[in-house]
Amino acid sequence: MHLICRRCSTRLTGELKMVPFDTRNEAVEENFLDCGTSMLAEKVFDHDDRAGNYIANIADGQHMKLTDDSRRLNGCCGLDGCDGPNLQCELCGTYVATKRTDCWTPHYIVFDQSTTQAMMSFGE
Ligand SMILES: [Zn+2]
């Protein structure tokens, strides 16, 4: 499957294989999950992340740009993602996801279910 922007249908991830939430890696400064995989958040696991949101590896994000809004770009060594979504759809500008890359967090992108949608690929 992959994720798209609900507003303009722009593709936001590469092809992802669903894996159980239990396989997550919560170590700080490490990838929360492997490249090419996605998991559904089953509970609130970090700040404002909500159950039911798709999580992906940083490397799998596509067609998204980092916001220019400095209030959403706080962090120590990277992005802490604590101030709302910081990634926008490259085409329509909708806030679609939050990137976390700070030194005290695992690293991942969490997609906002109100602005993104999962698309099943042929054969799945
Ligand atoms: Zn869009």
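Brief remarks follow.
- The listed residue being more than 22 Å from residue 120 (Cβ to Cβ) and in contact (Cβ under 8 Å) with a residue 12 or more places away in the chain, out of 57, 31: 31
- Selection status of residue 3, open to solvent by less than 80 Å² (accessible area, probe 1.4 Å), within 16 Å of the ligand (Cβ to nearest atom), out of contact with any Asp or Glu (no Cβ under 6 Å at 6 or more places or on another chain) and outside any helix (DSSP H, G or I): yes
- Leading residue by the ranking (nearest to the ligand (Cβ to nearest atom)) among those in the range 65-84 that are within 24 Å of residue 37 (Cβ to Cβ) and open to solvent by 30 Å² or more (accessible area, probe 1.4 Å): 65
- Restricting the range 85-103 to residues that are open to solvent by less than 30 Å² (accessible area, probe 1.4 Å) and among the hydroxyl-bearing types (Ser, Thr, Tyr), the residue that is farthest from the ligand (Cβ to nearest atom): 98
- Qualifying residue in the range 8-29 (condition: closer than 20 Å to residue 95 by Cβ, out of contact with any helix residue (DSSP H, G or I) (no Cβ under 8 Å at 6 or more places or on another chain) and open to solvent by 50 Å² or more (accessible area, probe 1.4 Å)): yes
The values are calculated or read from the model by the stated rules, or taken from the named source; none is laboratory data. Not measured: the values here are computed from a predicted model. Neighbour counts are summed over all protein chains in view; Cβ atoms, including those assigned to glycine, are modelled from backbone coordinates with ideal geometry. For the accessible areas, the whole protein counts, side chains as well, though only heavy atoms, and no ligand, DNA or RNA atoms are used. Shrake-Rupley method; radii C 1.70, N 1.55, O 1.52, S 1.80 Å.
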